[in-house]
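What follows is a single structure, written as structure tokens, with notes after it.
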Amino acid sequence: MSRHQGKRIAVTGAAGGIGQAIVARLADEGADVVALDRRTPEALPERAVGVELDLTSPDAVAEVVRDLYASDDRPVHLVNSAGIVEDDVPAVDMPIEQWDAVLGVNLRGTFITCQAFGRELIARGGGAIVNIASMSGNAVVNAPQRQAAYNTSKAGVSALTRSLAVEWAPLGVRINALSPGYVGTPLNALKEHMHETWKEGVVTRRFATPEEVAASVAFLLSDEADYYVGAELLMDGGYSLR
């Protein structure tokens, strides 16, 4: 497919897992992809370039945006895929530093990048943004793991997406969210002892693949999704139905 031919799209959290799959899918569909991550993304497709970025720093994000437009005035659409989760810890025992770290990347970082990239999209007549939220943000509270910070941050991403959609859709910027359930990422692979418990709650009895998530992101960015505004697509294999 070539539905993103000629577009420029920035993807955060691009060094692995879901972000890496999104970069590959968008490049395969013809986009010029800017792969953003705190560590340098590797093994990128031909149409992608890697850039190191601390997305919790407004100055660092602003500098990347300036650099992207310095030599090319094409709009840069955005996918916010970066995210971290705290260790399984009871909320009563959670150090505030751990809470701040998760909210800092997942919610603060998403706002900072939306603001910086959105400002330029508005100035250039519009574009599209997709934020990766989670079924954990509103549909369910995952169990048996305890992750109050992660769940709260993803609920915030959902609310932020709706808020920005109301402000920015009249200015030409479509912003939507995608909320996956359990995905077969390297991060989840480290928690193999919990896999069977998780799968018991999934109607399909399997995890999503990063490539399936990437396909949904590519759709939301495309002209085919032009009437999706502030939407949140839930892809959880039926987990929230149980």
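When peptides 21-33, 131-143 are sorted by average Cβ neighbour count within 10 Å, with the highest value leading, the order is 21-33, 131-143. Net charge within 12 Å of Arg8 by Cβ-Cβ distance, Lys/Arg positive one each and Asp/Glu negative one each, not counting Arg8 itself? Spelling it out: positives minus negatives among the neighbours equals 0. From the largest down, region 8-241 spans 49, 37, 36 angstrom on the principal axes of its Cα atoms.
Seen from Asn106, the other residues with C-beta closer than 13 Å to its C-beta sum to a net charge of 0, counting Lys and Arg as +1 and Asp and Glu as -1. Adding -39500 (n - 2.57) for every DSSP H run of four residues or longer, then dividing by how many residues the chain holds, sets the calculated 222 nm ellipticity at -11500 deg cm²/dmol. In order along region 228-242, the Karplus-derived 3J(HN,Hα) couplings, from 6.51 cos²θ - 1.76 cosθ + 1.60 at θ = phi - 60°, round to 8, 9, x, 7, 10, 7, 9, 10, 10, x, x, 4, 6, 7, 7 Hz, and Gly and Pro are given as x. The percentage of C-alpha pairs in region 159-242 whose separation is greater than 20 Å is 45%. By the count of neighbouring beta-carbon atoms within 10 Å, fewest first, Ile122, Ile9 end up ordered Ile122, Ile9. This ranking places Phe219, Phe207 by how few other beta-carbon atoms lie within 10 Å of each, fewest first, which gives Phe219, Phe207.
Considering region 1-114, its Cα convex hull presents a mean projected area of 7.7 nm².
From the alpha carbon centroid of region 184-223 to that of region 125-145 is 13 Å.
Read-outs: derived from the displayed coordinates by stated rules, not from any lab. Keep in mind that what you see is a predicted model, and the values were worked out from it rather than measured. No Cβ is skipped: glycine too gets one built from the backbone with ideal geometry, and neighbour counts run over all protein chains shown.
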